Amino acid sequence: MGRSALVLGGGMVGVSTAWHLQQRGYDVVLVDRREPGQETSYGNAGLIQREAVEPYAFPHDLLKLAQVALRRGNDVNYRFSDLLAVAPRLVEYWWNSGPKRYGTISHGFEALIRHSLSEHDRMISASGAGDLVSHEGWTQLFRTEKGFDEGTARARHFAREFGVENRILDSATLSRAEPALIRPMTGAIYWPSPYSVKDPGALVQRYADLFIAGGGRVVHGDAKTLANLAHGWTVETSDGPVSAEQAVIALGPWASDLTGAMGYRFPLFVKRGYHRHFKWDGHLNAPMIDTDAGVALLPMERGLRVTTGAEFAQRDAPPSWKQMIGSEHLAREMLDIGEAVEATPWIGSRPCVADMLPIIGEAPAHTGLWFHFGHAHQGFTLGPATGRLCAEMMAGEAPYIDPMPYRPTRFRFDRRAFPV
Ligand SMILES: Cc1cc2nc3c(=O)[nH]c(=O)nc-3n(C[C@H](O)[C@H](O)[C@H](O)COP(=O)(O)OP(=O)(O)OC[C@H]3O[C@@H](n4cnc5c(N)ncnc54)[C@H](O)[C@@H]3O)c2cc1C
């Protein structure tokens, strides 16, 4: 076999990896059980978040911790019956969010985020997807003085340290800038550099079309049938078995189904999220998020998409509509929205790693198998940037970003657990 690869998972991460491998002369087959961009990469807030130079930390502030534990806020919720199952991961997440470790982790995260726009630009331009993308940034809203003060301090730090542009708006300036906003806010931060996408799933599909136009194949199949050959990998698909020299696991929140069965014990967990579209014929100059309250207002193709914050629960547990109901209530306070477009809200899972960095690199106990998952809150943003990094490493090129912070072997790895 020549230079060939199977990419398992057709979300933003898998499709971007497939395209970057193809750019390096690989013969690539993308395998998904559905069409590309139908899962987490469909249901997100559609922001390409250049401003997200730090990952979401677990709160260390005692007041916030108490609020989370008592389920008082709408931004974070947890499923009580799943608490024992998710607790070990949450403890690791909390530990990694301590100031010293978080500083080092953020350094690794920023190294990826800084390439997010330029790497999307390449793919947007090559796929002709400019019609799906706006360059108007987004506005972060604050209801309380405390939240606004902390937010502005953080924004100034981001501008100083990372050159991330922002504008601080007082209540009156915000009202003038966004006349559709009914509820007065304490203040806001406007981030001009991020992009917003009016149909996130459609952008992934455009990138997949680009890959197909370049000679790539997209086939339906179950990644769990992946098997090791003497010199490569094979997977069962609707076109029969497909084999290649290398394989990439880019299954987002489902990566653990495969890595766990192969014997890897990564500290993976999910933060679930919900969205629902509402009829609305108003206008916002930029999407809005109130992170403290846990609601995002995103003008999209299907209507105004309202998304929620994070829910700690097992991936496949039944949905709880509490946060979606809360976010809809908040959205109605803020904008004059109409009825819901869908009968039932969408639910999905952010694929998280306890140290807040994606896992990118070759599997330590399986030659030719590559890991590429765990992008948490920013996988839609980071897919093209980490797709390039993963493809460069697979092709044996010098990586354009130092891959050390994302290496799979940063987690305890017991070689004796693997058959030779
Ligand atoms: C409410 C919400 C809002 C968000 N907002 C943003 C945002 O604004 N910006 C941002 O950057 N990120 C955002 N995110 C995070 C982002 O959506 C994810 O990080 C990203 O979509 C992960 O992409 P992925 O390709 O890794 O996973 P996915 O998009 O989930 O792709 C995984 C693929 O694997 C396939 N698959 C799974 N199991 C199998 C199997 N056994 N066989 C074959 N195929 C399989 C699935 O069908 C799927 O297509 C948000 C997430 C949520 C939930």
Near-label residues of the stretch 142-173 by backbone N, under 18 Å of a point 7 Å along Cα→Cβ of Asn285: 142, 165-173
Percentage of interatomic Cα-Cα distances in the stretch 2-87 larger than 18 Å: 66
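Let me spell out the model: positive unit charges on the Cβ of Lys and Arg, negative unit charges on the Cβ of Asp and Glu, origin at the Cα centre of the stretch 20-68. What dipole size does that give, in debye rounded to 20?
In total the dipole reaches around 20 debye.
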Rounded to 5, the percent of DSSP beta bridges in the chain classed as antiparallel: 70
Fraction in percent of alpha-carbon pairs per bin - 5 Å, the stretch 216-273: 4, 15, 25, 25, 16, 9, 5, 1, 0
Cross-link pairs beyond the 29 Å C-alpha cut-off, checked among Lys224/Lys322; Lys224/Lys271; Lys198/Lys271: Lys224/Lys322
Descending semi-axes in whole angstrom, ellipsoid equivalent of the stretch 75-168, from the Cα gyration tensor: 30, 21, 17
Size of charge dipole - the chain - debye, nearest 20, with Cβ of Lys, Arg +1 and Asp, Glu -1, no other charges: 880
Rg and Dmax [Cα atoms of the stretch 367-420; Å; Rg one decimal, Dmax integer]: 13.0, 38
Whole-Å semi-axes of the stretch 267-380's equivalent ellipsoid (Cα gyration tensor): 33, 15, 12
Under the span-like rule (Cα at least 24 Å along the axis, Kyte-Doolittle mean at least -1.0), DSSP H helices of the chain: none
Partners for Lys146 among lysines (Cα-Cα distance below 19 Å; same-chain residues under 8 apart left out): Lys64
Theoretical ellipticity at 222 nm over the chain - DSSP helices of four or more residues, -39500 (n - 2.57) apiece, nearest 500: -10500 deg cm²/dmol
Base-10 log of normalised Debye intensity for the chain (one unit scatterer per alpha-carbon) at q = 0.09 Å⁻¹: -0.53
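Quick one: work out Rg over Rh on the C-alpha atoms of the stretch 172-296, Rh as Kirkwood radius.
Over the Cα atoms of the stretch 172-296, Rg/Rh equals 1.13.
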Scaled radius of gyration (Cα, divided by 2.2 N^0.38 Å) that the stretch 104-244 gives: 1.52
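Just the ratio, please: alpha-carbon radius of gyration of the stretch 303-348 over 2.2 N^0.38 Å, N its number of residues.
On the way: Rg = 11.5 Å, N = 46, 2.2 N^0.38 = 9.4 Å.
Output field value: 1.22.
Since every read-out is calculated from the coordinates, none of them should be taken as a lab result. The shown structure was predicted, so the numbers you read here are calculated from the model rather than taken from an experiment. Don't worry about glycine lacking a Cβ; one is built from the backbone with ideal geometry, like all the others, and counts go over all protein chains shown.
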